[in-house]
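Below: one structure, written as structure tokens.
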Amino acid sequence: MSTSVGVIFGGRSVEHEVSIITARQLMENIDKNKYKVVPIYISKQGDWYTGWELLRAETYRNLAKLPPYLTKVCLIPYPAKDNLIGVERGGLFKKSWNEHLDLVIPAVHGSHGEDGTLQGLLELADVPYVGSGVLGSALGMDKISMKAVLKEAGLPIVDYLWFTRSQWETEPETVMTSIESRLGYPVFVKPSDLGSSIGVKKVARRDDLAFALDVAGTYTRRLLVEKAVEDCIEINCSLLGDESDCQPSVCEQPITWQEFLTYEDKYLRGGSKQGMAGTKRQIPAPISEALTKQIQQMAVSAFKTLACRGVARVDFLVPTKTGRPFINEINTIPGSFSFYLWEAQGLKFPQMIDKLIELALKSHQIKQQTTFSMAGNLIQPGFKLGGKG
Ligand SMILES: Nc1ncnc2c1ncn2[C@@H]1O[C@H](COP(=O)(O)OP(=O)(O)O)[C@@H](O)[C@H]1O
Ligand SMILES: [Mg+2]
């Protein structure tokens, strides 16, 4: 019997559409002789659906009007044999439809999917899943925490400050003065936990800074402000593996059309809807062998330091003057799973998916070897309620 693989995509995220593209690419390339694909689409409202129509492109032309014959489902948050079950209208569980998922591939970008929340549900359900766990996903999503951990590990990052939205709202003057005195202009203002360049702005004066902080604050309650690296190229490197064995891919140089890599550069310049695979880029990046090696080593260190697994992509900013790379960020569910970087060095997408599944099963096996409960019961006659020791 073939392995039943749930591919979860869409979701309550501003990167919803990009996730549909990533998931469809994966479902087209997964080896159907080995795996039975169960597509699971999460709508923008957060409802879960399955059904073969999810394999067709037409299904996504009008996201407000999904085909009526999709089945509404949910994943049970505890270890269960039939872990994906049909949900009746009105919210009551009806055992009219159920399915056993052997494994899940999260193909969601951004909030409620790439940030550890979905991974938390999968941990509770005890289903093996592809990619980083709760910690790696959460660290990878929140740029402020990511930078703190990378800095602690001695990895080079751009100087930054961060604020809560409420700090910005209550003390705007203090916030702006500290940015100006510590970082100066120009700076990049970013929502800490978003992706696809949404809410990211480069600013060179106080008025624009205030506007950028307002905009970023509409997306998140954690605001990141970074020194802008001027005259730089961007180099990305993908990683495949886990904490014990992690391989770097060839490097790519995405082509920037404007002052920095925007949503449009990333997804709309390829002409067709190819997601991250449609970005204009040079592979391998036209940089020296020494710089390539240095970037690959740093990418592996970042992947391991941030507790990542599966496939990820580490993005670098390299100033042309010094040639000394800064780690800009990690993406724990990179657009198009970065398959184009692995194909460039001979690993075809279907085989790369096999490798991701192998890693997910290995990780699940390691989890099974971990002790989660103690033998016996502390609560016996005579037991007194006390503080937790
Ligand atoms: N400190 C910086 N200096 C120069 N360019 C930057 C800096 N931070 C971001 N950028 C530019 O903005 C783009 C988006 O920022 P990034 O931090 O990668 O956010 P996202 O997670 O949305 O991709 C980068 O690809 C790069 O082009
Ligand atoms: Mg980025």
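The values are calculated or read from the model by the stated rules, or taken from the named source; none is laboratory data. Source: prediction; values computed, not measured. Ideal geometry is used to build each Cβ from the backbone, glycine not excepted, and the neighbour counts take in all protein chains shown.
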**Study point:** Any chance residue 99 is away from ligand 2 (no atom under 16 Å from the Cβ) and either among the acidic types (Asp, Glu) or at pLDDT below 95 (or both)
**Key:** yes
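Quick one: which residue in 285, 312, 302 is part of a helix (DSSP H, G or I), assigned by TED's automatic domain parsing to the domain that holds residue 358 and surrounded by 20 or more Cβ atoms within 10 Å (Cβ to Cβ)?
Details: 285 fails: part of a helix (DSSP H, G or I); 312 fails: part of a helix (DSSP H, G or I).
The match here is 302.
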Check your understanding: Mind checking which residues of the stretch 187-216 are assigned to a loop (DSSP other than H, G, I, E, B), on the phi < 0 side of the Ramachandran plot and within 16 Å of ligand 2 (Cβ to nearest atom)?
Key -> 192, 193, 194, 195, 198, 200
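If a residue has to be of a type outside the set (Phe, Trp, Tyr) and either without any contact (Cβ under 8 Å) to a residue 24 or more places away in the chain or part of a strand (DSSP E or B) (or both) to count, how many in the stretch 1-16 make the cut? Break it down into steps so the answer makes sense when it comes.
Within the stretch 1-16, the first condition is being of a type outside the set (Phe, Trp, Tyr), and the residues that meet it are 1-8, 10-16.
Okay, now just the ones that are also either without any contact (Cβ under 8 Å) to a residue 24 or more places away in the chain or part of a strand (DSSP E or B) (or both), so 1, 3-8, 10.
The number of residues fulfilling the criteria is 8.
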Exercise for review: Go through the residues of the stretch 62-71 one by one and say whether even a single one is within 28 Å of residue 354 (Cβ to Cβ) and either in contact with a helix residue (DSSP H, G or I) (Cβ under 8 Å, 6 or more places away or on another chain) or in a loop (DSSP other than H, G, I, E, B) (or both).
Suggested key: no
Check your understanding: What's the number of the condition residue 268 fails, among (1) in contact (Cβ under 8 Å) with a residue 40 or more places away in the chain; (2) hydrophobic (A, V, I, L, M, F, W, C); (3) surrounded by fewer than 19 Cβ atoms within 10 Å (Cβ to Cβ)?
Key -> (1)
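Of the residues 158, 225, 229, 149, only one is β-branched (Val, Ile, Thr), part of a helix (DSSP H, G or I), touching a residue at least 60 places away in the same chain (Cβ under 8 Å) and under 19 Å from residue 317 (Cβ atoms); which?
Numbers: 158 fails: part of a helix (DSSP H, G or I); 225 fails: part of a helix (DSSP H, G or I); 229 fails: part of a helix (DSSP H, G or I).
Matching residue, one of 158, 225, 229, 149: 149.
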Practice item. Select from the stretch 202-218 the residues that are surrounded by fewer than 19 Cβ atoms within 10 Å (Cβ to Cβ) and not small (Gly, Ala, Ser) and list them in ascending order. Key: 202, 205, 206, 207, 208, 211, 214, 215, 218
Exercise for review: Could you give me the residue pairs with C-beta distances under 7 Å whose first residue belongs to the stretch 39-58 and is at positive phi, whose second residue is loosely packed, with under 13 Cβ neighbours inside 10 Å wherever it lies, and which are 6+ apart or on separate chains?
Suggested key: 51/69
Check your understanding: Out of all the residues in the stretch 337-374, which are without any contact (Cβ under 8 Å) to a residue 12 or more places away in the chain, part of a helix (DSSP H, G or I) and hydrophobic (A, V, I, L, M, F, W, C)?
Key -> 366
Review point. When residues of the stretch 315-356 are filtered for being away from ligand 1 (no atom under 14 Å from the Cβ), more than 16 Å from the chain's Cα centre (by Cα) and buried (at least 23 other Cβ atoms within 10 Å of the Cβ), how many remain?
Key: 2
Check your understanding: Within the group 213, 240, which residue is farther than 30 Å from residue 352 by Cβ, modelled with pLDDT of 95 or more and away from ligand 1 (no atom under 11 Å from the Cβ)?
Key -> 213
Exercise for review: Tell me which residues, restricted to the stretch 315-336, are within 11 Å of ligand 2 (Cβ to nearest atom) and either modelled with pLDDT under 95 or outside any strand (DSSP E or B) (or both).
Suggested key: 334, 335
**Study point:** Filter result for residue 19 (under 28 Å from residue 266 (Cβ atoms) and assigned to a loop (DSSP other than H, G, I, E, B))
**Key:** no
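Conditions tested, residue by residue: (1) among the basic types (Lys, Arg); (2) out of contact with any Asp or Glu (no Cβ under 9 Å at 6 or more places or on another chain); (3) under 30 Å from residue 277 (Cα atoms).
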residue	(1), (2), (3)
351	no, no, yes
359	no, no, yes
367	yes, no, no
371	no, yes, no
379	no, yes, no
385	no, yes, no
